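S.K.: My questions will all concern the structure given below.
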Amino acid sequence: MIDRNSWLFWPDNVALSILTLGILAMLFLYAARKPMHGVIHSVCNLVTQSTRFISRWLFLSADSLRLRNQAVLLAHSQESVASMIDREFERVGNIIRKDMQEFPALQRKLLEEATRIEEDYRRCGEVPPPPPEWVDALESISQLKSGGDMPRKLLEDINKSIQKIHDKTVSEYRRSYEERHKILKGMQPVWRSVDRLMGEMDKKMLTLHSNAKQIDNDMTKFAGMRAKDSKTEHALTVSAFVQLAISSLVMVIALGGAFINYKLIALPMSEMVGASDYITNSLRTSDVAALVIILMEASMGLFLLESLRITQLFPKIASMDDRMRRRLMLASLIFLVILAAIESSLALMRDMLVADKASLMRDLSSSAPAATEGWMSNIPMAGQMIMGFVLPFALAFVAIPLESVVHSLRTVVGVLLVQIMRGLGFVLRFTGVVFRRFARVLELAYDIPIVIPLMVERWVVVLRDNSAVKGQVKSGSAA
Amino acid sequence: MKRSLLVWIMLLGTFLLGACGDSRMHSQAVYMLVDTSGTYAQEMGKAAKIINYLLATLNPGDSLAVAKVETRSFTEKDIVAKVTFDRRPSQATQQKRAFKARIEEFSKDIHGSSYTDITGGLIQGAEYLNETKAGIKTIVIFSDMQEELGKGTVRDFPIKLDGIRIVALNVTKLGTDNADPRIYLDRLSHWKARVLKAGATDWVVVNDLDNNMESILNTR
């Protein structure tokens, strides 16, 4: 056993030993003061320089990474906006081809309707009643001075005739008005048809207008991207973050679906590949087989959506000619249907296996058999089968959020990396500054234990200086 | 297209190769010795319960054998039923049903033996378990652990139980144990020392069959 007091010079006199040791240490530290200060200074300088160098490198790397990110982001966004503009133009083209094609016919129809309206309008113009021709005769009779009853009789006859003519004229006038009203009534559907045609034209023009507006917006974005506008870049970065969040959420939901799918087929897969086969110590072959089936379904879904040009993860598929692409689409769809059918049958097998095991457990525990619930007991089985068939197709759509994740992850990781590098650079820079100041602090801290020898040194220096001054004064006076 | 086809073929190949791996290393084998000597033969109901538990717990690919402990137990004739369950769960379930029927048949026609040769049963069990090449090997002894050897039966030599778990079940106390518990404790200590010396990995005693049944097997 090591003696606790073995380090003491005089174990019987601890205080004296410690004092001696203290003095020796002080003398040693005083002697080593200059080299130690040098070491402290050098080490701190080394740390400061290194951190400054690394920090500068980090800032430069962050800048170049940011530029690279910007280039990738803008290129990708330009590509997607260009494809959107393309699609909008395609839509406009379709509208023009489909709707504007009908415009001459529509215009002709409108012209015909307008001519009809004009004709009808002209026909229904008011015809004034003819002016009375008997007024002059009446005036002549009224100028007769004599004649007895003759003029009176004449006037009475004229009155009768006039009355008759008046009645006839009024009835003729009314009939003519009736006819005109009929014509006007007949114009109503024509007006309606004109109104409808005008409405249709308006609607088509409105669609075209909204498409043009969309193209305008896209073109503005495109122009911003071309100009490498910081506002556009910021908007695109934020959009990438939002897209990643949404896509990740959808992916998590899809993963939940895949997990249910896995649970559905893992047990029956053991019937196919054996339940006692293991790939590693804890990984069953049947579990891996179930996982492979699910991954195959997802891959087939990916190929299907890719060949439908919904996603564009594989440029090779996108650049295939249409015939080949259609073949690939058909092949992936057939595989997907086959896999869905397999999964559905596996779900049925699972139900049978579970029922068989439950029956065995009842036998082993010697309990009474469970009461059958008729058609109700078949509901879970049917549900499992339907789920087994539907889930692969639902899983196929995971390609869309996957594409979003792949594209937006690049931007998000890039932005985060830049931020991390800048943060790290700042921390290193700060550390460098701290170490530069810390060197002085350490030097002062080192001097604290040797304060007595330092005071002695200062006293000696002052004494020597004084004696030197005195010597100079003496020699001066002697001279 | 060709490349993706190649990838699928490789994946399938890996998958099939994986399926052909050594499955026995992950399987369990259980050899159950049932004491049929003297009054212990009356405990057959409890033994059947344990066998049912084993049948319910063992998985496809596992092995199970039930043998009786008689006057001289180092013989295949004492194995009442033995089975290695099929890799397919549906077939394994059928085999379990058949095994249960065989045990029920045996329990109806049980004859008490005059002597109890536990050591012989252990040697026979170790032989069976080693043949199965299972990853986890267990010998379950359903007995009071009181060995009584007949005249001419030699068992006082070192035995080999390398890599085998030994589980003693329902070790009932005899009349003499009640008078002097040290006899019971010495008996258990003697067996523990003997099996561990023989290379057994573990020695477990389970007397509470209602609540501690899961200690019988080393579950994966």
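S.K.: Can you tell me the FRET efficiency between A:Ser42 and A:Val460 if r is taken as the Cβ-Cβ distance and R0 is 30 Å, rounded to the nearest 0.05? Walk me through the intermediate numbers first.
M.R.: Details: r = 28 Å, r/R0 = 0.94.
That gives a FRET efficiency of 0.60.
S.K.: Modelling each spin label as a point 7 Å along the Cα-to-Cβ direction, I'd like the A:Glu90/A:Arg68 distance in nm, to one decimal.
M.R.: About 3.4 nm, to one decimal.
S.K.: Continuing with this model, one more query. For chain A, find the longest principal axis of its Cα atoms and tell me its angle to the long axis of helix A:451-478, 0 to 90°, nearest 10.
M.R.: 70
S.K.: When the C-alpha atoms of chain A are aligned to their principal axes, what extent does each axis show, in angstrom, from largest down?
M.R.: Principal-axis extents of the Cα atoms in chain A, largest first: 185, 111, 51 Å.
S.K.: Tilt of helix A:285-307 relative to the longest C-alpha principal axis of chain A, in degrees (0 to 90, nearest 10)?
M.R.: 50
S.K.: Kindly write out, for the stretch B:120-131 in residue order, the coupling ³J(HN,Hα) from the Karplus curve 6.51 cos²θ - 1.76 cosθ + 1.60 (θ = phi - 60°), rounded to whole Hz, with x marking Gly and Pro.
M.R.: After applying 6.51 cos²θ - 1.76 cosθ + 1.60, I find x, x, 5, 5, 4, x, 4, 4, 4, 5, 5, 5 Hz.
S.K.: Turning to a different aspect of this structure: Tell me which residues come under 5 Å, amide H to amide H, from B:Glu70 once H is placed; ignore anything under 5 positions away on its chain.
M.R.: Those qualifying (amide H under 5 Å, at least 5 residues apart or on another chain) are B:Asp117.
S.K.: Residue by residue through the stretch B:153-160, which ³J(HN,Hα) values in whole Hz follow from phi under the Karplus form 6.51 cos²θ - 1.76 cosθ + 1.60 (θ = phi - 60°), with glycine and proline marked x?
M.R.: Whole-Hz 3J(HN,Hα) from phi for the stretch B:153-160: 8, 9, 9, 8, 9, x, 10, 10.
S.K.: Same structure again: Averaged over peptide A:276-288, how many Cβ atoms belonging to another chain are found within 10 Å of each residue's Cβ?
M.R.: What the average comes to for A:276-288 is 6.
S.K.: With the Cα gyration tensor of the stretch B:23-215 giving a ≥ b ≥ c as the square roots of its eigenvalues, does the rule (a/c under 1.5 for rounded; else a/b larger than b/c for prolate; else oblate) give rounded, prolate or oblate? All intermediate terms of the calculation are to be shown ahead of the outcome.
M.R.: Details: a/c = 1.60, a/b = 1.39, b/c = 1.15.
Judged from the Cα gyration tensor, the stretch B:23-215 comes out prolate (a/c at least 1.5, a/b above b/c).
S.K.: Test of understanding: ordering A:Ile18, A:Ile54 by Cβ neighbours within 10 Å, fewest first, what list do you get?
M.R.: Values: A:Ile18 13, A:Ile54 16.
Least crowded to most crowded, the residues run A:Ile18, A:Ile54.
S.K.: Taking the Cα centroid of the stretch A:425-447 and of the stretch A:267-289, what is the distance between the two, rounded to the nearest whole Å?
M.R.: Between the Cα centres of the stretch A:425-447 and the stretch A:267-289 lies a distance of 61 Å.
S.K.: Could you name the lysines whose alpha carbon sits less than 25 Å from that of A:Lys204, not counting residues in the same chain fewer than 8 places away?
M.R.: Candidates past the 8-residue exclusion: A:Lys98, A:Lys109, A:Lys213.
S.K.: When only C-alpha pairs under 8 Å and at least 6 residues apart count, what is the relative contact order of chain B, in percent? Don't skip to the end; give the middle numbers.
M.R.: On the way: 359 pairs, mean separation 46.9, N = 220.
After rounding, I find 21 percent.
S.K.: Could you calculate the FRET efficiency of B:Ala101 with A:Leu416 from 1/(1 + (r/R0)^6), where r is the beta carbon distance between them and R0 is 56 Å, rounded to 0.05? Walk me through the numbers on the way to the answer.
M.R.: On the way: r = 66 Å, r/R0 = 1.17.
Efficiency at R0 = 56 Å is approximately 0.30.
S.K.: Let me ask another. If contacts are Cα pairs under 8 angstrom and at least 6 residues apart, what is the relative contact order of chain A in percent? Provide the component values of the computation, followed by the final result.
M.R.: Details: 328 pairs, mean separation 138.4, N = 479.
Value for chain A: 29 percent.
S.K.: I'd like the orientation of helix A:399-447 relative to chain A: the angle between its Cα long axis and the longest Cα principal axis, in ° from 0 to 90, rounded to 10.
M.R.: 30
S.K.: How much length would be gained if the chain were fully extended between A:Ile253 and A:Ser83, taking 0.36 nm per residue of separation minus their Cα-Cα distance, in nm to one decimal?
M.R.: Details: separation 170, 0.36 × 170 = 61.20 nm, distance 2.89 nm.
My answer for the length gained is 58.3 nm.
S.K.: Which entries in B:Lys82/B:Lys137; B:Lys68/B:Lys108; A:Lys357/B:Lys108 show an alpha-carbon gap greater than 19 Å?
M.R.: On the way: B:Lys82/B:Lys137 14 Å; B:Lys68/B:Lys108 14 Å; A:Lys357/B:Lys108 26 Å.
Table pairs above 19 Å Cα-Cα are A:Lys357/B:Lys108.
S.K.: Per DSSP H run of at least 4 residues, take -39500 (n - 2.57); add these up for chain A, divide by its residues and hand me the 222 nm value, nearest 500 deg cm²/dmol. Can you show the working numbers first?
M.R.: Numbers: 12 runs with 400 residues, N = 479.
For chain A, the value works out to -30500 deg cm²/dmol.
S.K.: Taking H placed 1.01 Å from N in the peptide plane, check which residues at least 5 places from B:Gly112 or on another chain put their amide H under 5 Å from its amide H.
M.R.: Residues meeting the amide H criterion: none.
S.K.: Given a Förster radius of 56 Å and the C-beta distance between A:Phe9 and A:Phe53 as r, what FRET efficiency does 1/(1 + (r/R0)^6) yield to the nearest 0.05?
M.R.: 0.70
S.K.: Please list 3J(HN,Hα) in residue order for the stretch A:17-26, calculated via the Karplus relation 6.51 cos²θ - 1.76 cosθ + 1.60 where θ = phi - 60°; whole Hz, with x for glycine and proline.
M.R.: Karplus values, whole Hz, x for Gly and Pro: 4, 5, 4, 4, 4, x, 5, 4, 4, 4.
S.K.: How far, in nm, would the chain grow between A:Glu200 and A:Ile310 when pulled straight, counting 0.36 nm per residue and subtracting the alpha carbon separation? Provide the component values of the computation, followed by the final result.
M.R.: Working: separation 110, 0.36 × 110 = 39.60 nm, distance 3.25 nm.
My answer for the length gained is 36.3 nm.
Each reported figure results from applying straightforward, stated rules to the coordinates on display, with no laboratory input. Remember, predicted model here, so these are calculated numbers, not experimental data. Positions of Cβ are backbone-derived with ideal geometry, glycine not excepted, and every protein chain shown enters the neighbour counts.
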